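Shown next, in structure tokens, is the structure this report addresses.
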Amino acid sequence: MFEKSLPSVAIVILNYNGKKHLENFLPSVLQSTYENKRVIVADNASTDESIAFVKAAFPTVEMIINQQNDGFAGGYNWALSNIEADYYVLLNSDVSVTAGWIEPIIHLMESDTKIGACQPKLLSYFNPHLFEYAGAAGGYIDLFGYPFSRGRIFDVCEADQGQYNQVKSIFWASGAALFVRSKIYHQLGGLDSSFFAHQEEIDMCWRMQLAGYQVMSCPSSIVYHVGAGTLPRGGRKVYLNFRNNLVMLCKNLPWHELVWKLPFRLGLDAISAWKGLLGGDASFFTAIFKAHINLFLWMLQGKIKRSVGSKPLSALNGVYKGSVVWQYFIAKHTQFQEIIKK
């Protein structure tokens, strides 16, 4: 019986100066009903009182401590290289979970060894009737590399009315609550540490599909994410999002697509940057300019490693065979089901 041989699950919370989040949300994680679990806080060189707090308030929680802040991608690669389990759960520190959130996903993944990663339904912690920005009910991508989600198109988060309650094969699973088969994680080399943060989970899920595995959404598992909503314009977050998305295309698109899609994307980025500048947002313009410069430097320096076994993007699951930019900004479609017809 499934219940008699539960796979081991390591819930790994990467922490950087997140004492408040750990205080608020660790109790819900510890109340998870799945029996064969470990809860581990991987500290990414915090300078607040996180470490002392967890040791004092949650003595059953394991801790591993990094000596430097390696970002989301590098931090998890370091942490998971030190943890043995059948499944890893990469869980943000600002996520409140429900008691039975683990069981449905493990049951689904155990039913098919080709499922490499899976996510729960992500709802907003402060507005629980809404999907949450960072993944909603499962990630999609359009033919030009723009990510969106079942329940979230750009800045618009839909109300959860059960419209995405079916188990679904998707393109990418949210890094806010990412279940991944440990053997596949290590087989693929984990997250790309050069990304530091932002879109590294999309890149890994893309590589996972190229390797012949599936990525799934399991909406019967529900979590609530605080998140940041829309990212602040300008600054390091915008830079990382634009740079990492372009690097991801360079890594994973087949050459015959990359040679025309990359220039097209650079052009769309330039339009967005100039629009920001003319609207008075110089930091947004600068962030995109820096992202493009660093992309070209990485290309010249040979720092972008091409993925093995490239396939046409349209051949993968969770791909919208059109432009979500056109649908949202020109056609004014803000709902996932308006774009992805049943």
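Taking the condition of being buried (at least 16 other Cβ atoms within 10 Å of the Cβ) and in a loop (DSSP other than H, G, I, E, B), how many residues in region 9-50 meet it?
6
Can you give me the number of residues within region 172-185 that are surrounded by fewer than 24 Cβ atoms within 10 Å (Cβ to Cβ) and in contact (Cβ under 8 Å) with a residue 60 or more places away in the chain?
Total satisfying the criteria: 5.
Looking for whichever is among the basic types (K, R) and surrounded by fewer than 17 Cβ atoms within 10 Å (Cβ to Cβ) here; the options are R265, R243, R207, R236. Which one fits?
Step by step, each of R265, R243, R207, R236 is checked, and only R236 is among the basic types (K, R) and surrounded by fewer than 17 Cβ atoms within 10 Å (Cβ to Cβ).
For region 238-342, which helices (runs of 4 or more DSSP H) that fit wholly inside it have 3 or more residues that are more than 30 Å from N165 (Cα to Cα)?
By residue number, 255-278, 282-301.
Output the residues belonging to region 213-241 that are at pLDDT 95 or above and in contact with an Asp or Glu (Cβ under 6 Å, 6 or more places away or on another chain).
Residues satisfying the conditions are H225, V226.
Would you mind finding the one in R152, R207 that is farther than 21 Å from V39 by Cα, touching a helix residue (DSSP H, G or I) at 6+ places or on another chain (Cβ under 7 Å), in contact (Cβ under 8 Å) with a residue 24 or more places away in the chain and of a type in the set (D, E, K, R)?
R207
S221: closer than 24 Å to V308 by Cβ and part of a strand (DSSP E or B), yes or no?
Criteria not met by S221.
Of all residues being of a type outside the set (A, V, I, L, M) and more than 25 Å from S314 (Cβ to Cβ) in region 127-157, which is surrounded by the most Cβ atoms within 10 Å (Cβ to Cβ)? Just the residue, please.
E132
Let me confirm something: among G116, G71, G75, which residue is touching a Phe, Trp or Tyr at 6+ places or on another chain (Cβ under 8 Å) and at pLDDT below 95?
After ruling out the rest, the residue left standing is G71.
Mind checking whether some residue in region 306-317 is on the phi < 0 side of the Ramachandran plot, touching a strand residue (DSSP E or B) at 6+ places or on another chain (Cβ under 7 Å) and surrounded by fewer than 18 Cβ atoms within 10 Å (Cβ to Cβ)?
Checked region 306-317: at least one residue is on the phi < 0 side of the Ramachandran plot, touching a strand residue (DSSP E or B) at 6+ places or on another chain (Cβ under 7 Å) and surrounded by fewer than 18 Cβ atoms within 10 Å (Cβ to Cβ).
The values are calculated or read from the model by the stated rules, or taken from the named source; none is laboratory data. Source: prediction; values computed, not measured. We place every Cβ from the backbone using ideal geometry, glycine too, and count neighbours over all the protein chains shown.
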